[in-house]
1. Spot the failing condition for residue 198; the list is (1) in contact with a strand residue (DSSP E or B) (Cβ under 8 Å, 6 or more places away or on another chain); (2) more than 30 Å from residue 303 (Cβ to Cβ); (3) not in a strand (DSSP E or B), and only one is missed.
2. Condition first: within 23 Å of the chain's Cα centre (by Cα) and farther than 21 Å from residue 55 by Cα. Now tell me which residues in the stretch 260-312 satisfy that.
3. With respect to residue 216, determine if the residue is at pLDDT below 95 and either farther than 30 Å from residue 36 by Cα or surrounded by fewer than 22 Cβ atoms within 10 Å (Cβ to Cβ) (or both).
4. For residue 183, which of the numbered conditions (1) assigned to a loop (DSSP other than H, G, I, E, B); (2) touching a helix residue (DSSP H, G or I) at 6+ places or on another chain (Cβ under 9 Å) fails to hold?
5. State which residue is surrounded by the fewest Cβ atoms within 10 Å (Cβ to Cβ) when the search covers only the stretch 151-178 and only residues that are closer than 16 Å to residue 206 by Cβ and free of Cβ contacts under 8 Å to residues at least 24 places away in the same chain.
6. Just need a number here: residues in the stretch 42-55 that are surrounded by fewer than 19 Cβ atoms within 10 Å (Cβ to Cβ) and under 25 Å from residue 299 (Cα atoms).
7. Scanning for something under 16 Å from the mean Cα position of the chain (by Cα), farther than 30 Å from residue 199 by Cβ, surrounded by fewer than 18 Cβ atoms within 10 Å (Cβ to Cβ) and in contact (Cβ under 8 Å) with a residue 60 or more places away in the chain, does the stretch 127-150 turn up at least one residue?
């Protein structure tokens with residue numbers, strides 16, 4: 001082989017090696033399934049197997065490439081999975097996240113389908129924001145947007161986010177805008193700022209959604225405060241939602257208490273105080289709900305765990321909150337909802 005050809009081959013090999021060291025792709029996911037029994041008043045009792053009762057079952061792939069000069073590019077694609085049936089849990093395949101990012105000392109610019117600042121600030125509760133025991137019933141359940149038609153309780157399509165750099169001594173922040181692109185209820189503007197160290201997590205977020213030119217905007221703001229100590233973590237959230245005269249003010253308090261090297265007890269409470277709606281709407285002054293939940297998680301390893309959760313929601317007036325998040329049609333206002341889940345989670 002001639003020297004020029006040999007040199008070209010060597011340079012090609014070195015370039016390929018450098019590329020391999022400067023980029024990476026990771027496949028990850030969670031497999032979580034539980035046996036569940038739920039009773040929703042007149043809608044009756046349903047027994048079966050459910051997916052994602054401790055952590056949402058998912059399959060994802062993410063990658064990052066070092067571009068040089070302190071810059072990197074990345075992507076993240078994540079799909080929810082109904083483990084009990086083996087199907088995708090939404091009409092959009094990458095329903096949980098589909099983003100591309102440019103990152104550097106300036107922070108991160110991220111484009112695509114992603115979670116909103118107001119939802120991000122409600123994460124980190126004692127039940128991982130899912131399952132029959134979580135405050136997620138009120139954060140993004142069927143009654144969370146007060147009947148406004150907003151689709152932004154958790155995520156938006158067509159989003160652009162800016163995140164502060166991660167080297168600010170515990171401070172973090174996000175600004176997020178999403179174009180409606182002709183879809184009513186997706187046009188969103190919001191932001192979040194907070195601070196976290198080994199003892200505290202404090203955050204505040206605000207957002208609003210355009211639900212039509214003839215309708216008032218749906219507004220949401222919340223304040224998060226978690227206190228972390230050797231005996232456990234206290235989780236608190238004040239979440240306020242407004243749409244025209246309708247308003248819901250939700251105060252949640254919970255705790256995660258380690259009881260041995262491998263186990264922890266979870267306790268949760270939420271009071272949802274609704275007002276402003278017409279009588280019988282489910283959003284009137286007397287249409288309030290209260291959540292009480294208790295659970296236990298036993299870690300088999302860093303990636304696997306067994307868990308059990310029981311929760312009860314007491315509704316007043318015409319309120320119809322359900323531990324199923326989406327209220328069954330046959331459930332009547334003022335009826336109770338309760339659920340029990342026992343399951344296993346494995347992450348990879």
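1. Among (1) in contact with a strand residue (DSSP E or B) (Cβ under 8 Å, 6 or more places away or on another chain); (2) more than 30 Å from residue 303 (Cβ to Cβ); (3) not in a strand (DSSP E or B), residue 198 violates only (2).
2. So in the stretch 260-312, the residues within 23 Å of the chain's Cα centre (by Cα) come out as 264-274, 289-299, 302-312.
Those that are within 23 Å of the chain's Cα centre (by Cα) and farther than 21 Å from residue 55 by Cα: 271, 272, 273, 274, 289, 290.
3. On the way: at pLDDT below 95: no; either farther than 30 Å from residue 36 by Cα or surrounded by fewer than 22 Cβ atoms within 10 Å (Cβ to Cβ) (or both): yes.
When the stated conditions are applied, residue 216 does not pass them.
4. (2)
5. Step by step, filter the stretch 151-178, then rank; the result is 177.
6. Applying the first criterion (surrounded by fewer than 19 Cβ atoms within 10 Å (Cβ to Cβ)) to the stretch 42-55 yields 42, 44-49.
Narrowing the set further to residues that are under 25 Å from residue 299 (Cα atoms) leaves 48-49.
Adding up the residues that qualify gives 2.
7. Checked against the condition, which is being under 16 Å from the mean Cα position of the chain (by Cα), farther than 30 Å from residue 199 by Cβ, surrounded by fewer than 18 Cβ atoms within 10 Å (Cβ to Cβ) and in contact (Cβ under 8 Å) with a residue 60 or more places away in the chain, the stretch 127-150 yields at least one hit.
So that you can scan it fast, the table gives a plain yes or no per residue for (1) at pLDDT 95 or above; (2) crowded, with 16+ Cβ neighbours inside 10 Å; (3) under 13 Å from residue 131 (Cβ atoms):
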position	(1), (2), (3)
287	yes, yes, no
293	yes, yes, yes
302	yes, no, no
309	yes, yes, yes
315	yes, yes, no
323	yes, yes, yes
328	yes, yes, no
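The values are calculated or read from the model by the stated rules, or taken from the named source; none is laboratory data. None of these values were measured; they are calculated from a predicted model. Glycine gets a Cβ as well: all are built from the backbone with ideal geometry, and neighbour counts include every protein chain shown.
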